[in-house]
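Data first, discussion second: the structure below is written as structure tokens.
Derivation of every value follows stated rules applied to the coordinates shown; laboratory data play no part. Note that the structure is predicted; figures quoted are calculated from it, not measured. So basically every Cβ, Gly included, is an ideal-geometry build from the backbone, and we count neighbours across all protein chains shown.
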Amino acid sequence: MYVVTSKGGGVVLMIAALILLGTWPALFNLLERRGRKPQHTFLDYCIFNYIIAIIFALTFGQIGHSTEETPNFIPQLHQDNGASVGFAVGGGILLCLGNLGTQYALAYTNLSITEVVGSSLTVVGGTILNYFLDGRINRAEVLFPGVACFLVAAITGLFVHASNMDDHNVKLGRKTKGWLSNIAAKEAPEPLAPHGTKKDGLDDSARGTIDLEKAAAKSTTSSARGSAQFLAEVESMRSIKVVGNSVLIGACILCFNGACYALFSPAFNLATNDQWNRLPEGVPHLVVYTAFFYFSTSFFGFSMIVNTIFLYCPILGAPKSSVPEYLKDFNGRHWAVLAGLICGLGNGFQFMGGQAAGYAAADSVQALPLVSTIWGVVLFGEYFRSSKRTYILLAGMLIMFAAAVGLLMGSAGTRQH
């Protein structure tokens, strides 16, 4: 089994995980804005996410000789480690719920604010839990100022969102009571035609045949990014219709997925390190690759069940679908597959880095809004033609996230076993 033991190696893995985990939500957002049904995207995503976990287990988990203290992946499958497996399975279900929440929250807010709130809740809850579970191996005088920076960044992010919403209202010619009041209001681009008919005259079933690449080209060339027409065109194509809904719905979803994210990493920590001494005497701890396998197996199984139900009983305004329709939907599938591969690699690197340098430090990957904001600007035109006030707030948010990730990585310790 290949094990990363150095603090430096753990930090490198965390940086790689930060980039990867900040990218897959952008691909989800890309597909939703182009009209692909979210259930289809998540099914493709979870299948290939699982494939990465299997590859990790059969390669890194099988490299070298197996020992009694650190058995390889396959020998460990036969051991009496049900308690640790339970924590890994629970962590996978929590991550699945968090990812589902992120997918739907993206439609109610934007990519940047979804990642800001979710990441901040994860750090505040998960990092503190991991710090104590890891026996305080991380440097508290560095770790907790990093957590504070996350909180400041999250609060600043809310002001960024409010200011940007006010900018949208001005572009669309709507009255506003002030940019702070927009925290509790949802901007709505140009209203859509009634009875589910889009501005292009097509209903949901007809739009399923539209080529996503052509739709994307139309949305990026027919009007300038950040303009009122651009905002209306994006809303007319997206698969989850949120016009007229309160942003409070999105805020509730964000809080839900933030709570799930805050708990999944401590659950994985307990699975690999058995801090509560649930394993029988003499049974070795789950190695990180075995725990990752069980974690991803539960993620995959739960995702398949829930999203198959969502095909026939959609939620939050998503269009209805079916298993045959999903199997025939190849529009944008390559992006969903890429999202699954990227997230699987990111999770694997985060867990490997956390096992080496402490899971509290590994939560530095929750500074992924740094990456997501870049994708939001490049791919989706977020903050284009915004006000000077919005740009100042956005810069402040990114600076605080940069400081937070530096502090959390700087708090990394070295595990003694």
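By counting other Cβ atoms within 10 Å of each Cβ, how are D167, D274 ranked from fewest to most?
Numbers: D167 22, D274 18.
Listing D167, D274 from fewest to most nearby Cβ atoms yields D274, D167.
Simple spin-label model, 7 Å along Cα-to-Cβ: F330 to I155 in nm?
Placing both labels 7 Å beyond Cα along the Cβ direction yields 5.3 nm.
Using the per-residue mean of other Cβ atoms lying within 10 Å as a proxy for protection, in what order, highest first, do the peptides 97-106, 387-396 fall?
97-106, 387-396
If you take the Cα Rg of the range 56-115 and divide it by 2.2 N^0.38 Å, with N the number of residues, what do you get?
1.70
So, how do all the Cα-to-Cα distances of the range 1-113 break down into 10 Å bins, in percent, from 0 on up?
Once binned at 10 Å, the Cα pair distances of the range 1-113 give 11, 31, 33, 19, 6, 0.
Given H placed on each backbone N at 1.01 Å, which residues far from E382 in sequence or on other chains put an amide H within less than 5 Å of it?
V377
Give, as a single signed number, the net charge of other residues whose beta carbon lies under 14 Å from the beta carbon of Q79, with Lys and Arg counted +1 and Asp and Glu -1.
Working: positive: R278; negative: E68, E69, D80, D274, E281.
Once all neighbours under 14 Å are counted, the net charge is -4.
How would you rank T272, T297, T59, going from fewest to most other Cβ atoms within 10 Å of each one's own Cβ?
By the 10 Å Cβ count, ascending: T59, T297, T272.
Can you check what the net charge comes to around Y326, using other residues whose Cβ is under 12 Å from the Cβ of Y326 (Lys, Arg +1; Asp, Glu -1)?
Surrounding charge for Y326 is +2.
Which peptide among 321-328, 15-22, 276-283 comes first, and what is the full order, when sorted by highest mean count of other Cβ atoms within 10 Å?
Highest mean packing first, the order is 15-22, 321-328, 276-283.
Residues in the range 250-276 near a label at Y2, defined as backbone nitrogen under 17 Å from the 7 Å Cα→Cβ point?
none
In the range 19-96, which GluC sites (Glu not before Pro) fall in coil by DSSP and have 15 or fewer other Cβ atoms within 10 Å?
E68, E69
Quick one: net charge of I374's neighbours, Cβ under 14 Å, K/R +1, D/E -1? Don't jump to the answer; show the numbers that get you there.
Working: positive: none; negative: E115, E382.
Counting the neighbours of I374, the net charge comes to -2.
Evaluate E = 1/(1 + (r/R0)^6) for D80 and A395, where r is the Cβ-Cβ distance and R0 equals 51 Å; express this FRET efficiency to the nearest 0.05.
0.40
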